[in-house]
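Trainee: Starting off with a structure, shown below.
The values are calculated or read from the model by the stated rules, or taken from the named source; none is laboratory data. Keep in mind that what you see is a predicted model, and the values were worked out from it rather than measured. Note that we place each Cβ from the backbone using ideal geometry, even for glycine, and neighbour counts take in every protein chain shown. Accessible surface areas use protein heavy atoms only, side chains included; no ligands, DNA or RNA. Shrake-Rupley method; radii C 1.70, N 1.55, O 1.52, S 1.80 Å.
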Amino acid sequence: MKTYLVSGYRSILIALFFWSCSSPKDQVSFQVSFTSSASTKAKDGRLLLLLSTDDSREPRFQINDGPNTQLVFGQNVDGMMSDQSITFDAEDFGYPINSLSQLKPGEYWVQALLHTYETFNLSTGHTVKLPMDNGEGQQWNRSPGNLYSKPKKITIPEGSSSSFQVVMDQVIPPLEEPEDTEWIKHVKMKSDLLTEFWGRDMYLGAHVLLPKGFEEHPEARYPLMVFHGHYPSGFGGFRTTPPDPDLEPDYSARFDVKGYNIIQQQEAYDQYLQWISEDFPRFIIIEIQHPTPYYDDSYAVNSASQGPYGDALTYELIPYIEEKFRGIGEGWSRFLYGGSTGGWEALAVQVMYPDEYNGCFAACPDPIDFRAYCLNNIYEDENAYYYPSEHKEVLIPGHRDYLGNVSSSVRDYNWMELALGDNSRSGGQYDIWEATYSPQGEDGYPARIWDKYTGEINHDVADYWKENYDLRYILERDWDQLGPKLQGKINIYCGDMDNYYLNDAVYLMEEFLESTTDPYYAGEVDYGDRAEHCWNGDQENPNHISRLRYNTMYVDKIMQRIRESAPKGADLTSWRYK
């Protein structure tokens with residue numbers, strides 16, 4: 001028995017025990033190693049075995065929550081050396097099938113990948129092993145320094161045992177840093193707050209879009225727009241040339257749109273034309289880089305397991321950028337917007353730092369009321385994966401389309417993450433919510449909100465989430481203090497057929513906001529009819545267009561907010577070049 005692989009998951013161990021008792025004649029195993037040419041150092045990390053029946057892409061790029069996912073199995077390794085063989089067999093947990101004993105006979109493409117971990121000595125006194133971001137935004141399948149093998153074709157025979165060798169002799173190369181241009185600058189700064197927490201140098205970054213006339217008007221000081229979202233490799237949606245005339249049109253399956261790559265380039269060029277037009281307001285936009293060892297961004301708040309990212313961004317990075325690029329540097333001149341993860345961040349940062357920002361525009365936000373944590377009520381439900389039933393197993397949906405067709409369950413997402421990494425280390429969506437919202441466990445990793453295998457909810461952890469990160473609850477609990485500071489600052493948008501059921505939490509938030517008095521919240525909540533993720537308030541254009549216009553679509557509302565709320569004596573002219 002390999003009890004070290006899934007310690008803490010008793011149900012898995014029991015199941016794997018029975019799987020391991022299958023007849024030796026039909027057992028399948030894999031021996032995975034790496035060459036000295038790949039690395040001569042001992043490696044810690046998550047070793048992944050990937051199998052695919054689809055040869056259109058490498059197996060490492062085919063793991064997802066949908067029906068077309070391929071197979072992944074995982075186990076932790078500590079101090080793995082070159083030419084040391086690690087065995088995968090029926091006892092190792094996998095997704096979407098839990099064991100290699102369930103592998104059907106046939107032809108497969110097999111690949112192995114080692115997602116490497118580093119050791120962190122935290123200021124809390126804990127020592128943890130986690131994957132450091134290497135400039136890719138916490139993507140295990142393309143993180144520089146990870147080892148992997150080239151895919152090779154194998155045949156699983158029927159009715160007989162088989163064993164295969166998989167050798168990792170490839171290393172994902174480093175990424176090149178983006179170069180500054182006339183309009184876009186890239187900044188990186190060491191965070192003292194995060195360095196202290198993590199016990200090693202930690203950095204924050206940003207891509208900065210400068211306004212027209214920045215060099216010609218050294219006297220100007222500018223408002224700041226913070227565009228929250230997933231890790232940006234560069235400043236997206238902005239180009240100074242028309243679409244490439246030789247660009248071959250592609251197809252977006254997500255939006256069912258042909259030539260979407262051309263549309264994206266045209267929208268980016270249109271934004272540039274709007275940006276330099278005579279009547280467009282002058283301000284600075286930043287897209288921030290704050291990946292953590294758990295995810296591609298920190299969720300922009302302080303947390304027990306990730307450290308003081310909220311303070312680091314608001315009190316270190318943003319003042320640094322404002323000083324370097326002549327920002328006004330006052331709360332009335334800063335605004336927040338974003339969608340999905342960025343939507344939650346925009347609202348959370350506005351709530352957590354009410355005086356430091358003057359408005360948020362939160363589109364399709366991650367759950368902002370944990371009574372509707374997607375389709376879970378973490379305070380009342382007993383199980384996150386199954387609806388209550390004595391005699392029937394009914395899975396709780398995790399993803400739908402605008403017609404209600406379900407393609408994955410909450411269990412699917414979580415079992416995929418469990419195969420990719422234990423202790424919230426998968427880099428997946430549910431794991432980062434846990435890494436952000438949970439208290440720190442005795443082992444230094446985030447406390448589980450539910451058993452990752454069974455779905456049984458830990459209500460003590462849920463209570464911690466409620467008091468610290470349930471945004472609707474926090475607003476209602478503290479409205480006497482927060483209300484006067486947030487009046488007119490909260491704007492929320494969501495499609496009523498959001499793929500992840502995020503609209504349910506928005507309904508609950510709206511119900512509270514509309515009940516507020518003394519003061520009334522005086523913001524906006526709006527919904528897109530049959531709109532999927534991530535509708536952002538545009539009632540005239542489809543998602544595939546409006547999602548490309550974040551940096552311009554709220555400008556009129558922001559300018560109105562500045563006119564109505566700027567304090568007496570505020571600089572309302574220098575950035576208008578008057």
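Trainee: For a protection proxy built on the mean count of beta-carbon atoms within 10 angstrom, sort 349-357, 37-45, 239-247 highest first, please.
Mentor: So the peptides 349-357, 37-45, 239-247, ranked by packing, come out 349-357, 37-45, 239-247.
Trainee: Using a cut-off of 19 Å between alpha-carbon atoms, which aspartates and glutamates can reach residue 104, once sequence neighbours fewer than 8 places away in the same chain are excluded?
Mentor: Output for residue 104: 26, 54, 55, 89, 91, 92, 158.
Trainee: Further, regarding this structure: At a 1.4 Å probe, what is the % contribution of carbon and sulfur to the accessible area of the chain?
Mentor: Whole-percent figure for carbon plus sulfur exposure: 46.
Trainee: A further question on this structure: With each run of n ≥ 4 DSSP H residues scored as -39500 (n - 2.57), what mean residue ellipticity at 222 nm is computed for the chain after dividing by its residue count and rounding to the nearest 500 deg cm²/dmol?
Mentor: -6500 deg cm²/dmol
Trainee: Same structure again: If we restrict to alpha carbons, what Rg and Dmax does the range 296-348 come to, in Å?
Mentor: That works out to 11.9, 34 Å for Rg and Dmax.
Trainee: Compute, for the chain, the length of the dipole vector about the Cα centre, with Cβ point charges of +1 (Lys, Arg) and -1 (Asp, Glu) only. Units Debye, rounded to 20.
Mentor: About 980 debye.
Trainee: For the chain, what is the percent of antiparallel DSSP beta bridges, rounded to the nearest 5?
Mentor: Taking every DSSP beta bridge with both residues in the chain, the antiparallel ones total about 65 percent.
Trainee: Percentage of Cα-Cα pair distances in the range 338-419 greater than 20 Å, rounded to whole percent?
Mentor: That fraction is 49 percent.
Trainee: In square nanometres, what is the average projected area of the Cα convex hull of the range 79-197?
Mentor: In nm², the orientation-averaged hull projection of the range 79-197 is 11.7.
Trainee: So, one more: In terms of Cα to Cα distance under 25 Å, which lysines are near enough to residue 129, apart from those fewer than 8 places away along the same chain?
Mentor: Once the sequence-local lysines are set aside, what remains near residue 129 is 2, 41, 43, 188, 190, 452.
Trainee: Would you give the gap between the C-alpha center of the range 346-374 and the C-alpha center of the range 221-260, rounded to a whole Å?
Mentor: Computed from Cα coordinates, the inter-centre distance equals 24 Å.
Trainee: Oh, and also: What is the gain in length, in nm to one decimal, between residue 41 and residue 250 on full extension, counting 0.36 nm per residue of separation less the C-alpha to C-alpha distance?
Mentor: The span from residue 41 to residue 250 would gain 71.0 nm if fully extended.
Trainee: Would you mind getting the accessible area per residue of the range 47-137, heavy atoms of the protein chains only, 1.4 Å probe, in Å²?
Mentor: 37 Å²
Trainee: Heavy-atom accessible area per residue, the range 360-477, 1.4 Å probe: how many Å²?
Mentor: Dividing the accessible area of the range 360-477 by its residue count gives 37 Å².
Trainee: Taking the C-alpha atoms of the range 23-142, how large are the radius of gyration and the largest Cα-Cα span, Dmax, in Å?
Mentor: Computed over the Cα atoms of the range 23-142, radius of gyration and Dmax are 15.8, 51 Å.
Trainee: Along the principal axes of its C-alpha atoms, what lengths does the range 30-77 span, in descending order and rounded to whole Å?
Mentor: The Cα atoms of the range 30-77 stretch 38, 21, 17 Å along their principal axes.
Trainee: When the C-alpha atoms of the range 227-334 are aligned to their principal axes, what extent does each axis show, in angstrom, from largest down?
Mentor: Here the Cα extents, ordered largest to smallest, are 47, 38, 19 Å.
Trainee: Want the number for residue 273 to residue 258: 0.36 nm per residue separation, take away the alpha-carbon distance, what's left?
Mentor: Full extension from residue 273 to residue 258 adds 3.0 nm.
Trainee: Take the alpha-carbon positions of the range 309-456, form their convex hull, and give its projected area averaged over all directions (one quarter of the hull surface) in nm².
Mentor: 11.5 nm²
Trainee: Rounded to whole Å and ordered largest first, report the semi-axes of the equivalent ellipsoid of the range 484-578 derived from its Cα gyration tensor (root of 5λ).
Mentor: Working from the Cα gyration tensor, I get semi-axes of 28, 21, 8 Å.
Trainee: Would you list, by chain and number, the lysines whose Cα falls below 17 Å from the Cα of residue 578, excluding same-chain residues fewer than 8 positions away?
Mentor: Within reach: 212.
Trainee: Label-point separation (nm) for residue 233 and residue 379, each offset 7 Å from Cα along Cα-to-Cβ?
Mentor: Placing both labels 7 Å beyond Cα along the Cβ direction yields 4.2 nm.
Trainee: For labels at residue 69 and residue 387 in the simple 7 Å Cα→Cβ model, what's the distance in nm?
Mentor: Label-label distance for residue 69 and residue 387, simple model: 2.2 nm.
Trainee: How much solvent-accessible surface does residue 375 expose, in Å² to the nearest 10, with a 1.4 Å probe and all protein chains in place?
Mentor: Rounded to the nearest 10, the figure is 50 Å².
Trainee: Looking at the P(r) of the range 173-268, how many percent of alpha-carbon pairs lie beyond 24 Å?
Mentor: Value for the range 173-268 (Cα pairs over 24 Å): 45 percent.
Trainee: Only residues of the range 529-556 count here: report those whose backbone N is under 13 Å from the spot 7 Å along Cα→Cβ of residue 496, or say none.
Mentor: 529-532
Trainee: Shifting gears a bit: Spin-label point model (7 Å from Cα, Cβ direction): what's the residue 215 to residue 476 distance in nm?
Mentor: 5.5 nm
Trainee: Counting only Cα atoms, I'd like the Rg/Rh figure for the range 445-498, Kirkwood definition for Rh.
Mentor: Here the Rg-to-Rh quotient is 1.12.
Trainee: Between residue 406 and residue 456, what is the FRET efficiency for a Förster distance of 25 Å, r being their Cβ-Cβ separation, to the nearest 0.05?
Mentor: The value I calculate is 0.65.
Trainee: Report the local net charge at residue 357: Lys and Arg +1, Asp and Glu -1, summed over other residues whose C-beta lies under 15 Å from its C-beta.
Mentor: Its environment carries a net charge of -1.
Trainee: Continuing with this model, one more query. P(r) tail for the range 242-298, what percent of Cα pairs lie past 20 Å?
Mentor: Roughly 54 percent, rounded to a whole number.
Trainee: Based on the alpha carbon coordinates of the chain, what radius of gyration and maximum Cα-Cα distance (Dmax) apply, in Å?
Mentor: 24.8, 83
Trainee: May I ask you to derive the relative contact order of the chain, considering only C-alpha pairs under 8 Å and at least 6 residues apart, and to give it as an integer percent?
Mentor: 13 percent
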